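Peer 1: Dumping the structure here so I can ask a few things about it.
The values are calculated or read from the model by the stated rules, or taken from the named source; none is laboratory data. This structure is a prediction, so every number in the text was calculated from the model and none was measured. Don't worry about glycine lacking a Cβ; one is built from the backbone with ideal geometry, like all the others, and counts go over all protein chains shown. Ligands, DNA and RNA are stripped out before the accessible areas are found, and what is left, the full protein with its side chains, is counted by its heavy atoms. Shrake-Rupley method; radii C 1.70, N 1.55, O 1.52, S 1.80 Å.
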Amino acid sequence: MKKILCAAGLGIALAFSAGAQAADKIALVNVAEVFQQLPAREAVAKQLENEFKGRATELQRMESELQTKIQKLQRDGSTMKASEREKLEKEVMAKRDDFAQKAQSFENDNRRRQMEERGKILNRIQDAVKVVAGKEGYDLVLDANTVVYSTSGKDITAEVLKQVK
């Protein structure tokens, strides 16, 4: 994401510099639109869902067991022997800690994999932009979402989308 923002900032800076002003052909591409319309994005989402399905189910089971133990402690805690209540409290705390650790690990792994796959897709889009720009002879291609105003510049989003597919 930082690379995209840096590239967008650099693109804007170049657009206002004298060298970019002399560019013969400038094109715009809506990277977000290309990303959203890619069929590969949905396939990757399903792949990631399947990849993490087992761990998600395990976390749901752990959460359910933890909730059951907490309810038992709340319901029966006042009538239990002190030793039984302490034992149940320790068990609840241990399960809560274990659940929190596994949930955090799950979130981190899931986020990391999503970023990896998003990066692969964005690289494919960037390669497609280079191919289209090379074929049509554009000197500068800017992301349409970062451009505030443009009187000239052809929108090549559709061509990029065809190239990526």
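Peer 1: Given Glu91, Glu117, which one is closer than 30 Å to Ala32 by Cα and in a helix (DSSP H, G or I)? If you could, list the steps in order and put the result at the bottom.
Peer 2: Numbers: Glu91 fails: closer than 30 Å to Ala32 by Cα.
Criteria check complete, one pass: Glu117.
Peer 1: I've got another one for you. How many of the residues in the stretch 35-50 are at pLDDT 90 or above, open to solvent by 90 Å² or more (accessible area, probe 1.4 Å) and of a type outside the set (S, T, N, Q)?
Peer 2: The qualifying residues number 2.
Peer 1: Could you give every pair whose Cβ atoms fall below 6 Å, whose first residue belongs to the stretch 141-165 and is over 15 Å from Lys25 (Cβ atoms) and open to solvent by less than 60 Å² (accessible area, probe 1.4 Å), and whose second residue is of a type outside the set (Ser, Thr, Tyr) and assigned to a loop (DSSP other than H, G, I, E, B), counting only separations of at least 6 or pairs across chains?
Peer 2: From the stretch 141-165, the pairs are Ala144/Asn30; Thr157/Asn30.
Peer 1: Take Ala144 and decide whether it is within 15 Å of Gln36 (Cα to Cα), of a type outside the set (Phe, Trp, Tyr) and out of contact with any Phe, Trp or Tyr (no Cβ under 7 Å at 6 or more places or on another chain).
Peer 2: Values: within 15 Å of Gln36 (Cα to Cα): yes; of a type outside the set (Phe, Trp, Tyr): yes; out of contact with any Phe, Trp or Tyr (no Cβ under 7 Å at 6 or more places or on another chain): yes.
Spelling it out, Ala144 is indeed within 15 Å of Gln36 (Cα to Cα), of a type outside the set (Phe, Trp, Tyr) and out of contact with any Phe, Trp or Tyr (no Cβ under 7 Å at 6 or more places or on another chain).
Peer 1: Identify, by number, the condition in (1) within 30 Å of Asp24 (Cβ to Cβ); (2) surrounded by fewer than 11 Cβ atoms within 10 Å (Cβ to Cβ); (3) of a type in the set (Val, Ile, Thr) that Thr79 doesn't meet.
Peer 2: With respect to (1) within 30 Å of Asp24 (Cβ to Cβ); (2) surrounded by fewer than 11 Cβ atoms within 10 Å (Cβ to Cβ); (3) of a type in the set (Val, Ile, Thr), Thr79 is out only on (1).
Peer 1: Look through Lys102, Lys53, Lys95, Lys90 and report the one residue that is over 14 Å from the mean Cα position of the chain (by Cα), modelled with pLDDT of 90 or more, of a type in the set (Lys, Arg) and open to solvent by less than 80 Å² (accessible area, probe 1.4 Å). Break it down stepwise before answering.
Peer 2: On the way: Lys102 fails: open to solvent by less than 80 Å² (accessible area, probe 1.4 Å); Lys53 fails: open to solvent by less than 80 Å² (accessible area, probe 1.4 Å); Lys90 fails: open to solvent by less than 80 Å² (accessible area, probe 1.4 Å).
From the options Lys102, Lys53, Lys95, Lys90, the qualifying one is Lys95.
Peer 1: Could you please let me know if Ala23 is open to solvent by less than 60 Å² (accessible area, probe 1.4 Å), modelled with pLDDT under 90, touching a strand residue (DSSP E or B) at 6+ places or on another chain (Cβ under 8 Å) and not in a helix (DSSP H, G or I)?
Peer 2: Working: open to solvent by less than 60 Å² (accessible area, probe 1.4 Å): yes; modelled with pLDDT under 90: yes; touching a strand residue (DSSP E or B) at 6+ places or on another chain (Cβ under 8 Å): yes; not in a helix (DSSP H, G or I): yes.
In short, yes.
Peer 1: Residue check, Val132 against (1) open to solvent by 40 Å² or more (accessible area, probe 1.4 Å); (2) among the hydrophobic types (A, V, I, L, M, F, W, C); (3) over 30 Å from Ile70 (Cα atoms), all met but one. Which one?
Peer 2: So the condition that Val132 fails would be (1).
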